[in-house]
1. With a point put 7 Å past each Cα toward its Cβ, work out how far Lys324 is from Tyr511 in nm, to one decimal.
2. Going through segment 436-519, which GluC sites (Glu not before Pro) have at most 11 other Cβ atoms within 10 Å and a DSSP loop state?
3. Starting at the first residue of segment 466-472, write each ³J(HN,Hα) from the Karplus equation 6.51 cos²θ - 1.76 cosθ + 1.60 with θ = phi - 60°, in whole Hz, x for Gly and Pro.
4. What shape does segment 309-375 have by the C-alpha gyration tensor, where a ≥ b ≥ c are the square roots of the eigenvalues, rounded means a/c under 1.5, and otherwise prolate means a/b greater than b/c and oblate the rest?
5. Where the only charges are on Cβ atoms (+1 Lys, Arg; -1 Asp, Glu), what is the dipole of segment 275-333 about its Cα centre, to the nearest 20 debye?
6. Sorted by average packing, counted as other Cβ atoms within 10 angstrom per residue and highest first, what order do 361-370, 246-255 take?
7. Stretched out fully, how many nm does the piece from Lys553 to Asn250 gain, at 0.36 nm a residue minus the Cα gap?
8. Under the Karplus relation 6.51 cos²θ - 1.76 cosθ + 1.60, θ = phi - 60°, what is the ordered set of whole-Hz ³J(HN,Hα) values for segment 161-170, x standing for Gly and Pro?
Amino acid sequence: MLKLFKNLKKKDWIHIFIGFLLIASQVWLELKMPDYMSEITQLVQTEGSKMEDILVNGGYMLLCAFASLVCAVITGYLIANVSARFSRNVRKKLFNKALSLSTAEIKDFSTSSLITRTTNDITQVQMFIAMGLQMLIKAPLTAIWAVTKILNKSWQWSSLTALAVVILLSMIAIILVIVLPRFKIVQKLIDKVNNVTRENLTGIRVIRAFNAEKYQEDKFEEVNNKLTRTQLFNQRTFAVMEPLMFLVMNALTLSIYVVGVYLIRDSALAGKITLFGDMVVYSSYSMQVIMSFLMLAMIFMILPRANVSANRINEVMDKEVSIKNGTLKEVPTKEVGTIEFKHVFFKYPDAEEYLLEDVSFKVKRGETVAFIGSTGSGKSTLINLIPRFYDASSGEILIDGVNVKEYDLAYLYNKLGYVPQKAVLFNDTVTGNVTYGDNGKEKTKELVTKALEVAQAKEFVDKMEQKEDSLIAQGGTNISGGQKQRLSIARAIAREPEIYIFDDSFSALDYKTDATLRHELKKYTKDATCLIVAQRIGTIMNADQIVVLDKGKCVGLGTHKELLKKCEVYRQIALSQLSEEELENA
C-alpha cells in the first residue's frame, strides 16, 4: 500500500496536510461540546442560574457543531480530489506498464486479471483513501484527546472504558483473522468472473452454433455463486461487528450511570452537582472514545481488501521487463533493409527444449524471403524475434548490420511493417485503422487510397456507405476474415517501412485475390525487404529465398526449384498441395 502512495503529487500532500489540520479542528470542536454540556448541566442544577447563561452555552455548542460540519465538508472535498487524482495516476501507470511488458511477461497475467486490477483493484484503494484516510486520522486523534480529558475523573469509569476498549479490539482482531484471507479469494474470483464473461462474449458464435448456452451458463453460475458465497460470508461477519459494538457502547453508558449513581450517593452534598456534571461529560467523552474505535473498525473493514488490491497492482508495477530498450536511434552503417540471423537459438521462459535451434540466414534489401514448415515448426516464433516480441536465447539477429537489442524500440518498430497472423482491427474508421500508429511520416489521403488499392481492399471499401470513413467495429466483427486481413495489410503498407513482415497474413484470401495482391505488393515494395510466413506453396514459390523449418531447425534454404530437388521436407509439403505436373510447370 505504501508503495502506491508514491503516486501522490506534491499538491496532494498539501491537501492531505490541510485535511489533517481540518480534522484536528473538527475533533477539538466535537470534544469541546461536552464541556458546554457540563456547564449547562451545572447551571440547570444550581439555584439562581440565569437562562441567558444557559442559552449562551447552548449557542456555543451549536456554533461548534456547525464549525465541525464545515470542517468535515471541506475535508471531504479535498480528500475526494486527492483520491480521484491518485486513482487516475495509478491507472495510467498500470496501463502503460502493461503495454511495456513483453509477450513473455504479459502471459503471467490473464487479460481478465489485468482488467480487474485496472478497475476494481484501483477502486478499492481509491475508496480507502477517500474514506479510510479521514477515519485513520480522526479515530486516533479523537481517542487520545478524549482519553486525556477523562483520565483523572474517576478510576472506576476509566476502568469500565478500558474494559470496553479491550473487548472491542478483541472483536476486531477475531473478525480480521477470519475475513482477511477471504479478501484475496474475492479478488481472484472477480478475475474468474471477468474471464468467463469475456470468454462468453468473444466466443458467442461458437457457443450458439454448438448449443452450449446451458454449459456456459452453468460455468458462469458456478464461479458467480462461489464469489457470492465468499462475499456473503465476509459481509455477514462484518455485520456482526456493528451490533456488538453498539451493544458494548450502550453497555458502557449504562455502566457509567450505574457506577455514577453509587458515587453520587456516597459523595458529600456539595460535590453531588459537580459529580453529576462529570458523569454526563464522562459518558459523552467515553462515547467519543468508543466511536473512534468504531471508526477504526470501519477502517479495518476497508483496509484489508484495499491492501490485497494494492499488492495485486504492485505485482504488475514491479514486474521486471525482460525486453530492455536500446539507445540507438540512427543506423551507423550504410546497410538498409538487411536482416541476418546468426546461429539463433530460442526457447520460451521456463521451457526445457529449444523451439529454434541454430538458425542462420541473411536477407538483402529488396528480397522476398518466405518461411514454410509444418505446424509447430517455429515459423511465427522466428519472425516474432525480429520486432523483439521475444529475445533470442542465444545468437544474434541483425537489422542493417546492428543487433536488434541495441535499437531504441520505437526506432526499430518504425523500420517494420508488421501484419500478425490474426488480423487485429480497432473500433475506428477504415482510414483510422489504415493510418493507425505513428512512425514520423505524414499519412495522406492519397497514401491511404494507394495502400487500399495494393492490399486489394479498395473494391469492398468503396461499396461501404461512407467508404474510407465507414466505421469498423472492434475486432472487425462487421467485415469478413479476408477483408480484415486486407485492411491489416493496408495498414502495414501505409507505414512505408524498410521491412515488411507477413505472418501467415494471406490465409483467408481466395487464390485469385492472393495472387493479385502478391503481384501488386511485389511492384509496390520492390525496394523493401519482405518476410512471409505461409502455408500455401502458391503464395511463396516466387520468393527469392525460401527457408524450410522442421522441428525448429532450418532443413532447407533456396529457391522453389532448388528446394524441390534437394529438400525432402519441402517436396512433401509441395506434393500435399500441388500435383507433380503443377510443380514442374510452376
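1. 5.2 nm
2. Working: sites: Glu442, Glu446, Glu453, Glu459, Glu465, Glu468, Glu498; in loops: Glu442, Glu465, Glu498.
Hits after loop and neighbour filter: Glu442, Glu465.
3. Once rounded to whole Hz, the list reads 10, 6, 5, 8, 5, 7, 9.
4. Values: a/c = 2.95, a/b = 1.50, b/c = 1.97.
Since a/c reaches 1.5 but b/c is at least a/b, the shape of segment 309-375 is classed as oblate.
5. 220 debye
6. Top to bottom by mean Cβ count within 10 Å: 361-370, 246-255.
7. 101.1 nm
8. 5, 4, 4, 4, 5, 4, 4, 5, 5, 5
No value in this document is a laboratory result; all are computed from the given coordinates. Because the structure is a prediction, the values reported are computed rather than measured. Don't worry about glycine lacking a Cβ; one is built from the backbone with ideal geometry, like all the others, and counts go over all protein chains shown.
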